[in-house]
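These notes concern the structure reproduced below.
The values are calculated or read from the model by the stated rules, or taken from the named source; none is laboratory data. What you see is a predicted model; the values in this text were computed from it and never measured. All Cβ positions, glycine included, derive from the backbone under ideal geometry; neighbour counts span all protein chains shown.
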Amino acid sequence: MVDFTSYWCFRLNALSRKVSRLYNARLTEVGVTAPQSFVILDVNNYAGASVKDIAARIELDSSAVTGLIDRLEKEDIVERRNDPEDRRGTRVFLTDKGLQLANERLVPMAEEFNQYIRSMVEPEIAGIFQHSLNLLDKQVNKAVE
């Protein structure tokens with residue numbers, strides 16, 4: 001009998017779901033989900049970004065990001081504007097409500113949650129842990145390309 005729960009692929013998947021649940025639970029007070037918060041935070045950093053660029057940075061499919069933007073647009077958090085350089089394209093911007101949400105609530109909340117997660121790793125190995133995450137990400141990206 002094989003203990004699949006000791007496999008790193010299982011452990012990483014299970015841990016990822018737990019962290020997502022924790023982060024989503026914190027975000028309920030502001031009325032957005034984790035993926036929506038990532039779109040908002042990205043557009044806050046890259047005003048006028050295309051859906052394709054947002055999707056690449058937050059590592060989701062463009063179709064998933066389009067759905068997230070649709071919902072955020074209905075909540076008056078983001079708006080689409082025609083791309084002056086591409087008649088078929090649009091650019092995504094935060095509305096005033098979105099800017100306020102991002103800067104007053106989401107950025108502080110994300111920073112606090114990041115510190116919370118980082119506090120779970122012993123300070124003397126935090127650099128090694130970060131390095132390991134970067135290596136895993138780089139290697140997995142190569143494998144999926």
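Which residue is nearest to residue 45 (Cα to Cα), if the candidates are limited to the range 61-103 and must be of a type in the set (D, E, K, R), in contact (Cβ under 8 Å) with a residue 24 or more places away in the chain and not in a helix (DSSP H, G or I)? Outline the logic, then answer.
Taking the range 61-103 and keeping what is of a type in the set (D, E, K, R), we get 61, 70-71, 73-76, 79-81, 83, 85-88, 91, 96-97.
Adding the requirement that they be in contact (Cβ under 8 Å) with a residue 24 or more places away in the chain leaves 71, 75, 81, 83, 91.
Among the residues that remain, those that are also not in a helix (DSSP H, G or I) are: 75, 81, 83, 91.
Details: 75: 20, 81: 17, 83: 18, 91: 13 Å.
Among residues in the range 61-103 that are of a type in the set (D, E, K, R), in contact (Cβ under 8 Å) with a residue 24 or more places away in the chain and not in a helix (DSSP H, G or I), the one nearest to residue 45 (Cα to Cα) is 91.
Scan the range 136-145 and tell me whether some residue there is within 16 Å of the chain's Cα centre (by Cα) and either exposed (fewer than 12 other Cβ atoms within 10 Å of the Cβ) or farther than 21 Å from residue 23 by Cα (or both). Yes: the range 136-145 contains one or more residues that are within 16 Å of the chain's Cα centre (by Cα) and either exposed (fewer than 12 other Cβ atoms within 10 Å of the Cβ) or farther than 21 Å from residue 23 by Cα (or both). Sort out which residues of the range 82-112 are touching a Lys or Arg at 6+ places or on another chain (Cβ under 8 Å) and either at pLDDT below 95 or small (Gly, Ala, Ser) (or both), and write them in order of number. Correct list: 82, 83, 90. Within the range 37-48, none of the residues are under 12 Å from the mean Cα position of the chain (by Cα), at positive phi and surrounded by fewer than 15 Cβ atoms within 10 Å (Cβ to Cβ).
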